[in-house]
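Here's the structure we're looking at; comments come further down.
FYI, it's all coordinate maths here, none of it is from the lab. Bear in mind that the values here come from a model prediction, so they are computed numbers and not experimental data. Here the Cβ positions follow ideal geometry from the backbone for every residue, glycine too, while neighbour counts run over all protein chains shown.
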Amino acid sequence: MDQLLDQARSIWEGEIDFEGQRLVDLLTYALLSLSGAIAFLVGFSTQDIYQTLYIGLGGTALTFLVVVPPWPFYNQHPLPWLQARDTGRVALGALGLEGISVEVDGQRVS
Amino acid sequence: MHNNLTRIQNVFGFFTSVAFSVAAVIAVSVVLIPQTPSASLQLRNVQVVKGRPHYYSTQREEYAHVKFDLDADLSTLFNWNTKQIFAYITASYPSSDPSTIPRSEAIIWDAVIPAANAPAHPNTYIHPSLSKSNARPKTKADRLAAQKPYPPGKEPGILKLASQKPKYQINDVSGRIAERANATLTLHWNVQPWVGALVWDSRKTYGRWQGLRGGMAGFDFPALKGTEVKKEELRTETGGERNRGSPA
């Protein structure tokens, strides 16, 4: 059940990695600005405002399709989680925290 | 942008900014398109009779019925950003005391002329037929051409009206309009765009937009007519507002 909920959550959230987010930023601004510019130029040259409307709305729909779903090419640089570590003396030494004592309610913990 | 929802929000937010910017550029781009409106407006006949504002009114007031000829070419006002044009003719006259009472201006006729690609609506002007006969047009093409806001074979903005009845009979707030002098009939228009600011008529030239030449006629209101005026002569023109459902 948990696994199913996890999958559902992943589909609903649609996370992408940081490189993907940067790409999505760039694509949003580029595609929308381009569709606006082309819409105006085509409409002005044909003197037909409906062309501007259709090209503008079409370009926006295309942008939504390209940018919103979590496509695989937005997930090419996933960041792996670090390994779980126990807070034993060896680990503290690795962290450079030797000599630190942690006390909880009067009792030394590590 | 880590989420479906944030991506949707960001794309839509930038879309509204782009749409607003494109609309602003469209509104400004019409300044580059030249306009050359021209019109010839003449008074045909004016009659002043006594009438009542409502059937239950006790006061009788004077009403002026102004018929005119109009030959106008407003087709260059229609560019890609024009949704429709509201053309109207006013009769304006000075008051009996110009230093204290301002000038009066009353609309006697108006027309809503949509652009060719604008969606149809019930208040569209229907240009009267140019032919003298009252026969209904035979072919389907002729019937469609007779329902347009311009004469058959022409384009939106062309108006050719002869002995046109007014849509509104005008009267003065004092109730007396007979024998007032120095009245002027003037053609005006208001361009209603798809995006941008409303623009009214101008006699001055601004860049590529020429001012209106013509479209003015001077006259005096005559003396009150007695009972020799026929009721048919005082009928007014009804426009598209007649096509609306009842109650309007």
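Residue count for region A:29-51 satisfying the condition of being closer than 19 Å to B:Q9 by Cβ and more than 7 Å from chain B (Cβ to nearest Cβ): 3. Within region B:90-115, residues that are over 18 Å from B:G175 (Cα atoms) reach partners that are surrounded by fewer than 17 Cβ atoms within 10 Å (Cβ to Cβ) and among the hydrophobic types (A, V, I, L, M, F, W, C) with beta carbons closer than 6 Å, at six or more positions or on different chains, in the pairs B:T90/B:I107; B:V112/B:F86.
Inspect region B:157-170 for any residue being of a type in the set (D, E, K, R) and over 21 Å from B:P53 (Cβ atoms) and give the result as yes or no. Checked against the condition, which is being of a type in the set (D, E, K, R) and over 21 Å from B:P53 (Cβ atoms), region B:157-170 yields at least one hit. Scanning region B:51-74 for residues that are surrounded by fewer than 17 Cβ atoms within 10 Å (Cβ to Cβ) and not acidic (D, E) yields B:G51, B:R52, B:P53, B:H54, B:Y55, B:Y56, B:S57, B:T58, B:Q59, B:R60. Criterion applied to B:T36, B:T58 was being away from chain A (no Cβ under 14 Å) and under 22 Å from the mean Cα position of the chain (by Cα), and the one residue passing it is B:T36. Starting from region A:52-78, keep only residues that are more than 10 Å from chain B (Cβ to nearest Cβ), then list their pairs with residues that are surrounded by fewer than 15 Cβ atoms within 10 Å (Cβ to Cβ) and of a type in the set (F, W, Y) whose Cβ atoms are within a distance under 9 Å, requiring at least 6 positions of separation or different chains. Cβ pairs passing all conditions: A:H77/A:F18. When region B:1-33 is filtered for residues that are outside any helix (DSSP H, G or I) and either under 20 Å from A:D25 (Cα atoms) or not β-branched (V, I, T) (or both), the ones remaining, listed by number, are B:M1, B:H2, B:N3.
In region A:1-27, the residues that are touching a residue at least 24 places away in the same chain (Cβ under 8 Å) and facing another protein chain (nearest Cβ under 7 Å) form no Cβ pair under 9 Å with any partner that is loosely packed, with under 11 Cβ neighbours inside 10 Å and among the charged types (D, E, K, R), whether six or more places apart or across chains.
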